[in-house]
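The values are calculated or read from the model by the stated rules, or taken from the named source; none is laboratory data. Note that the structure is predicted; figures quoted are calculated from it, not measured. So basically every Cβ, Gly included, is an ideal-geometry build from the backbone, and we count neighbours across all protein chains shown. Ligands, DNA and RNA are stripped out before the accessible areas are found, and what is left, the full protein with its side chains, is counted by its heavy atoms. Shrake-Rupley method; radii C 1.70, N 1.55, O 1.52, S 1.80 Å.
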Amino acid sequence: MGNELFKISTTGASKKKSSLNFTPLWLSSEFMQRILTIIGARPQFIKASVVSRTIKKTDGIEEIMLHTGQHFDANMSDIFFNQLGIPKPDIQLDIHGGNHGVMTGRMLAEIEQGILEYKPDRVLVYGDTNSTLAGALAAAKLHVPVAHVEAGLRSFNMRMPEEINRILTDQISDMLFCPTDTAVRNLDKEGFASKPVNVLQVGDVMQDAALFFAQRAVAPRDFIVNRNFVLGTLHRAENTDDPERLTAIISALNHVHQSVAPVVLPLHPRTRAAIDKAGLSLEVNVIDPVGYFEMVWLLNHCSLVLTDSGGVQKEAFFFGKACITMRDQTEWVELISAGANHLVGANQEEIIAHSSTHFGRAIEDHQHLYGGGNAAERIVEHLV
């Protein structure tokens with residue numbers, strides 16, 4: 001395998017002069033392209049599940065899975081592998097906690113060793129986490145081509161670690177799988193049209209996952225709230241690490257819970273710790289972090305979504321639910337333009353007002369903004 005792209009066979013032995021036939025290995029039955037997929041956080045497990053399932057059904061391509069361990073809680077990691085049918089990682093690291101530099105540096109060193117051991121033809125990374133950037137950097141420094149799923153997304157907020165990760169990953173990738181036309185335009189504006197890279201609009205793999213797994217969705221254990229509830233998520237560092245923003249958001253969630261409808265909040269351990277440290281009181285229905293199937297059920301049965309997550313904004317749209325986003329910017333500007341998503345930052349009054357206005361509102365996808373559920377097939381076709 002390695003970097004060999006041709007096999008050489010000798011023919012015409014009975015002739016006075018032999019000739020060499022050069023057959024591209026990708027046209028040979030002996031060629032198997034090896035992809036090293038790097039994942040580490042919950043959204044990446046979901047995205048990788050649909051692409052990995054497609055890879056398994058495709059000849060000429062082999063996948064090696066590396067899990068950095070960035071999400072280490074059993075509810076945030078192991079359960080997703082079990083539910084989504086992702087094969088056990090070939091390389092399992094245990095890197096979590098610490099500052100961004102420490103975490104990314106450790107990942108970079110360990111992923112480099114994995115690349116040297118397995119000698120992949122290409123590294124595949126997803127999204128915008130520290131695992132994404134570390135995987136792309138390790139591959140680029142070893143001259144292994146990088147493919148980036150969810151390329152071209154921009155919030156234009158350089159205070160977000162995710163924004164830095166996605167920009168740098170795009171810069172060192174040669175195959176950029178964009179989920180939307182907006183993402184393609186972002187890359188064009190940054191000069192990618194004149195670079196020796198492939199910018200490809202393939203659609204969003206999260207829509208593939210939502211459609212595929214919707215029929216397997218189940219309610220969280222002991223869930224007792226009726227259908228008329230607000231689903232909330234809260235985990236972004238820009239909110240949890242800023243006491244003023246966190247206080248405003250918690251106050252707004254408590255108010256919505258009392259005046260609009262019950263709020264159900266699956267709470268990330270890091271967010272729980274931040275709330276306790278700030279001395280705040282949550283007066284909503286707090287539940288433990290849930291698996292993807294439970295999250296799909298909650299999205300499908302709620303009447304409104306309040307979130308600071310990037311992925312949940314889209315998932316709300318996939319299930320026809322209005323979304324109130326507690327951030328100052330979003331990568332999914334097409335949802336804002338379509339009136340399906342509303343940015344409110346950490347403004348307590350706006351969170352409450354928009355929740356009241358949009359509770360129970362149905363959203364329809366007339367424009368097929370995210371490709372219709374065939375992104376994984378397009379990605380694997382281009383990889384092969």
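Observations on the structure shown:
- Exposed loop sites were defined as GluC sites (Glu not before Pro) in DSSP loop states (anything but H, G, I, E or B) carrying at most 11 other C-beta atoms within 10 Å; in the chain the longest segment without such a site runs 31-363.
- Once the Cα atoms are used to define both axes, helix 100-118 deviates from the longest principal axis of the chain by about 30 degrees.
- Relative contact order [Cα under 8 Å, 6+ residues apart], the stretch 223-370, whole percent: 27 percent
- Amide H contacts of R122 (H built 1.01 Å from N, under 5 Å, at least 5 apart or other chain): R34, L36
- For the stretch 246-259, 3J(HN,Hα) per residue [Karplus equation, 6.51 cos²θ - 1.76 cosθ + 1.60, θ = phi - 60°, Hz, x = Gly/Pro]: 4, 4, 5, 5, 4, 4, 5, 4, 4, 5, 4, 4, 7, 10
- For the pair D288 and L116, label points projected 7 Å from Cα toward Cβ lie 4.0 nm apart.
- Percent of Cα-Cα distances greater than 31 Å, calculated over the chain: 38 percent
- Principal semi-axes in Å for the stretch 120-224 [√(5λ), Cα gyration tensor, largest first]: 28, 16, 15
- In this simple spin-label model, placing a label point 7 Å from the Cα along the Cα-to-Cβ direction at both H100 and S337 gives a separation of 2.8 nm.
- Relative contact order (%) - criterion: Cα under 8 Å, at least six apart; region: the stretch 264-311: 41 percent
- Probe 1.4 Å - accessible area at H342, Å² to nearest ten: 40 Å²
- Of all accessible heavy-atom area on the chain, the percent that carbon and sulfur account for (1.4 Å): 50 percent
- Summed over the residues of the chain and divided among them, the accessible surface reaches 45 Å² per residue at a probe radius of 1.4 Å.
- Surface calculation, 1.4 Å probe, protein heavy atoms: L168 sits at approximately 80 Å² accessible.
- Using θ = phi - 60° in the Karplus curve 6.51 cos²θ - 1.76 cosθ + 1.60, the 3J(HN,Hα) couplings for the stretch 44-53 round to 6, 4, 5, 5, 5, 4, 6, 6, 4, 5 Hz; x is entered for Gly and Pro.
- Candidates per trypsin sites (Lys or Arg not before Pro) in the stretch 109-208, loop by DSSP, up to 14 other Cβ within 10 Å: R159
- Entries in K189/K321; K88/K277; K47/K189; K119/K314; K47/K195; K141/K189 that, when Cα-Cα distance is taken, lie over 29 Å: K189/K321; K88/K277; K119/K314
- Simple spin-label estimate for R34 and L200 in nanometres, 7 Å along Cα-Cβ: 2.1 nm
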